[in-house]
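Bear in mind that the values in this text are calculations on the coordinates, not laboratory data. From a predicted model like this one, the values you see are computed outputs, not experimental measurements. Virtual Cβ from ideal backbone geometry, glycine too; neighbours counted across all protein chains shown.
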Amino acid sequence: MEYQGRLHVGVGAKTAFDFLSNPDNVPRYVPAMARARVDETGNIHVEGDCPAEHFTGGAVWRVDRDLMRIHWDSQANVDYRGRIEVQGDERESDIHLVVSLEPGPDHATNERYRRLLREPNGSLQEMLDDSLQAIRSELEGEPRIERHRAGDDPV
């Protein structure tokens, strides 16, 4: 399944792209992500928590500065990949975020991620929308609106 969202922000395209393409910033705009680092081969290593479980993993992380495009492709038991594209000028930009998650060959892993894999408009789209809100907050300085998810303990 493919999920996507778009966002218009009042900052220049280069500023937006520089922020988004820096792996140190990934946990700032992916709420499920606690840590991210890129190794010497260009692969990104991540750790965090999603509705299914705590996760660690790695993915190919490619940044194309000329096209202002970031692409990742997981090295996990589920086929997880995505891209971020930035277009605009020196004053404003449009950000397009696309995420794809498909079952992989490991039945046990698929079962752990069944909520993410089987709900076309459910939690993965909500996480993508939360990421877009976090990007807006980081780039424009607006406060974040935290979404209460089913099963979360109220604060």
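Computed from point charges on the beta carbon alone (+1 for Lys and Arg, -1 for Asp and Glu), the dipole magnitude for region 1-108 about its Cα centre is near 220 Debye. Applied to region 78-89, the Karplus parametrisation 6.51 cos²θ - 1.76 cosθ + 1.60 on θ = phi - 60° returns per-residue 3J(HN,Hα) values of 10, 8, 10, 8, x, 7, 10, 10, 10, 9, x, 10 Hz, with x for Gly and Pro.
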